[in-house]
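Q: One structure follows; several queries about it will come next.
The values are calculated or read from the model by the stated rules, or taken from the named source; none is laboratory data. Note that the coordinates shown come from a computational prediction; the quantities given were computed from them, not determined experimentally. Using ideal geometry, Cβ is built from the backbone for each residue, glycine included, and neighbour counts are taken over all protein chains shown. What goes into the accessible areas is simple: the full protein's heavy atoms, side chains included, and nothing from ligands, DNA or RNA. Shrake-Rupley method; radii C 1.70, N 1.55, O 1.52, S 1.80 Å.
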Amino acid sequence: MGNAIETHGLTRRFDGRVAVEDLNVAIPEGTVFGFLGPNGAGKTTTVRLLAALIAPSAGDAIVAGHRLGADDDALRRSVGILTESPGLYERLSARQNLTYFARLYDLTTGRAAKQVERYLRMLELWDRRDDPVGTFSKGMRQKLAIARALLHEPPVLFLDEPTAGLDPEAARTVRDFVALLRREGRTIFLTTHNLPEADELCDTIAVFQRHLVRVGTPTELRSGLFGAGTVVRIVGDARPFVAVAHALPFVRDAGADGERLSLRIDDPEARNPELIEALMGAGARIRYVEPIRHSLEDVYLRLVGQGGK
Amino acid sequence: MSKALVVFQKEWLELRLQRGLLLATLGVPPAITVFAIVVFALAGHAPGDVVTRGIPLPPDLIGLSSNEIAQAIVGKQFSVIFFLLPVFIPSVIASYAIVGEKRDRTLEPLLATPIRTSQLLVGKSLSALVPTVVLTLACALLFVAGIALWAVTPRVAGVVITPGWVAVLAVDMPLLALIGIALIVIVSSRVNDPRTAQQVSAVLIVPVLGLLFGQLSGVLVLNLPFALLGALVLGFFAFVALRLATDLFGREAILTRWR
């Protein structure tokens, strides 16, 4: 499996101000790549660079097999983009909006009609196909904008905040659709502020603040920042067992809070039986054992709080 | 070129759906034309020699009766409106074509498609040019019919509707409209308010007014050589203006600086 997107030192400055600095990523085909960062971090600029909407100040990128700046028309044919704002023609109907873009993407009249119908049906907009988009809800507009990005069947999709401002039901529909697109083998570059969404959808996550702060799978990011660990719930006070845990050579840190004994361990899966045996040997009555789980929000806040250091 | 036609079709579709704008833009020229015909018809019944007293006559009016002169002067004055209409009709359509896309945030997905700047701008310009030319010619035909019908004598009709006027209308009017549209497109890609873009086309009124006064004073004679010379000059400016519009249409600046 090759890379759908590769960037090499991709940089963009605006009047001397750096928006994107020395971005180096390789995104394998058929994966969902989450691009997280605070407002103004340069996420939208990165999407615009990779979709050949703006040119880099330095560095280069290969997207869907096309080098930036070499044949941008071919690159644009190979990518679909959901922009920050849906940007639809409000007086035109859903079908007219999509047909216009299908023809701009060089689809023949017949194929354009088929693709428009296919995506309007898939996104449950077929019944409203001839209504002006101005009468649509925000969720319907967002779905229509996603359909527009898919008409020409691009292998690479850029989704900029696809669920921003949507009600939970509409957001769920969009997320399910993104998951479906992934199963179809498309590569998805997803920018979002919705961290549970990124956790759910993304194979790889990059935290970005003008430059790449950290990149990895959600699990790698968690363990890289917080280490692995185990929580043991004990009947009664857990404090007497802190010393027992500290005495074990593989326990790097231990703390107690009521019934909860939290332990940082190098390799929990291998060491947990030994740990439990030691605790029970010391008289502990164990209710249950679970891994320490940090949310992606913890990871994000830690990384962004470091200011990219 | 096919993508320019796709853009043109979409623009025309959107225009048709904006009934108010359509009426305001395309309804006024016929109304002005009807007004011109009515005033022309009434001028043929002006009393005495009020019109000619103390005024040096252009050569083509010498030998006409008082009523004929009155009608001919009114007719010649109104005949110039068909060179003003192509400046005004497209200004609203063309200015909204770019600024409207910026305002409605539709430009980014549009620029993300494999469309070249020239294709986009040709499509946008055609959407303003075609209705302008068609409507101006239709109104001119109505005017010609009115002149033919209500001229007090055939000599008056011959003075107002000359082969030179027809030639200027057929050859120079579309070019004048094209220059106006190109100027609006240039300004539209740099401003956020369509009204600012509309104002720029007003500069083209100056040469048209020159045409009016030159014709009335007899300094300018609208004939075939004038039409062809005008076509050369206007064609040059239209080419330069369109080229400038394409070169100055900064995709990046529009996306990154406009909020």
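Q: Considering only DSSP beta bridges with both partners in segment A:3-222, what is the antiparallel share in %, to the nearest 5?
A: Given both bridge residues lie in segment A:3-222, the antiparallel proportion sits at roughly 55 percent.
Q: Could I ask something else about it? May I ask for the angle, rounded to the nearest 10°, between helix B:81-103 and the longest principal axis of chain B, with both axes built from Cα atoms and the value confined to 0 to 90°?
A: The angle comes out at about 10 degrees.
Q: Only protein chains counted, 1.4 angstrom probe. Which residues of segment A:90-105 are at least 20 Å² less accessible in the assembly than when their chain is isolated?
A: Flagged in segment A:90-105: A:91, A:92, A:96, A:100, A:101, A:103, A:104, A:105.
Q: Between B:185, B:47, B:98, whose Cα lies farthest towards the positive end of the dipole of chain B when Lys and Arg beta carbons carry +1 and Asp and Glu beta carbons carry -1, centred on the Cα centre?
A: B:98
Q: For chain A, build the charge dipole from Cβ charges (+1 Lys, Arg; -1 Asp, Glu) around the Cα centre, then report which of A:181, A:100, A:204 sits farthest towards its positive end.
A: Ranked along the dipole, the leading option is A:100.
Q: With +1 on each Lys and Arg Cβ and -1 on each Asp and Glu Cβ, and nothing else charged, work out how big the dipole of segment A:3-222 is about its Cα centre, in Debye to the nearest 20.
A: Details: 29 positive and 29 negative charges, 82 e Å.
It comes to approximately 400 debye.
Q: Which of the aspartates and glutamates could a cross-linker bridge to residue A:114, judged by Cα under 20 Å and excluding same-chain residues fewer than eight apart?
A: Output for residue A:114: A:106, A:124, A:127, A:130, A:131, A:153, A:184.
Q: I've got another one for you. Work out the charge dipole of chain A with +1 on the Cβ of Lys and Arg and -1 on the Cβ of Asp and Glu about the Cα centre, then indicate which of A:66, A:115, A:36 is farthest towards its positive end.
A: Final value for the positive-end residue is A:115.
Q: Here's a follow-up. Report the extension gain between residue A:248 and residue A:217 in nm, rounded to one decimal, defined as 0.36 nm multiplied by the number of residues separating them, less their alpha carbon distance.
A: On the way: separation 31, 0.36 × 31 = 11.16 nm, distance 3.00 nm.
Roughly 8.2 nm would be gained on extension.
Q: Still on this structure, please answer the following. Distance in nm between label sites at residue B:141 and residue B:192, each 7 Å beyond Cα in the beta-carbon direction?
A: That separation, rounded to one decimal, is 4.4 nm.
Q: Further question on the same structure: Work out the length of the dipole vector of the protein assembly as shown about its Cα centre, built from +1 on the beta-carbon of each Lys and Arg and -1 on the beta-carbon of each Asp and Glu, and round it to the nearest 20 debye.
A: Charge dipole of the protein assembly as shown: 780 debye, to the nearest 20.
Q: While we're looking at this one, here's another question. What is the dipole size for chain B, taken about its Cα centre, with +1 at each Lys and Arg Cβ and -1 at each Asp and Glu Cβ, in debye to the nearest 20?
A: About 740 debye.
Q: In addition: List the lysines whose Cα sits under 20 Å from the Cα of residue B:102, skipping any in the same chain fewer than 8 residues away.
A: The qualifying lysines are A:138, B:3, B:10, B:124.
Q: Let me ask you something else. Ignoring ligands, DNA and RNA, what percent of the accessible area of chain A is carbon or sulfur (1.4 Å)?
A: Heavy-atom surface of chain A belonging to carbon and sulfur, 1.4 Å probe: 47 percent.
Q: Using a simple spin-label model with points 7 Å from Cα along the Cα→Cβ vector, what separation in nm is obtained for residue A:130 and residue A:167?
A: If labels sit at residue A:130 and residue A:167, their model points lie 2.7 nm apart.
Q: Tell me, what is the percent relative contact order of chain A, built from C-alpha pairs under 8 Å that lie six or more residues apart?
A: Answer for chain A is 19 percent.
Q: Let me ask something else about it. As I understand it, the value is the acute angle between the Cα axis of helix B:205-217 and the longest principal axis of the Cα atoms of chain B; what does it come to in degrees, rounded to 10?
A: 10
Q: Would you mind checking the tilt of helix A:268-281 against the longest principal axis of the Cα atoms of chain A, expressed as 0 to 90 degrees and rounded to 10?
A: 30
Q: Next question, about the same structure. Within segment B:1-104, list the trypsin sites (Lys or Arg not before Pro) lying in a DSSP loop whose Cβ has at most 11 other Cβ atoms in a 10 Å radius.
A: Details: sites: B:3, B:10, B:16, B:19, B:53, B:76, B:102, B:103; in loops: B:53.
Here the sparse-neighbourhood loop sites are B:53.
Q: Let's test the formula: R0 of 35 Å, r as the Cβ-Cβ distance of residue A:270 and residue A:122. What FRET efficiency results, to the nearest 0.05?
A: The pair residue A:270/residue A:122 has a calculated efficiency of 0.15.
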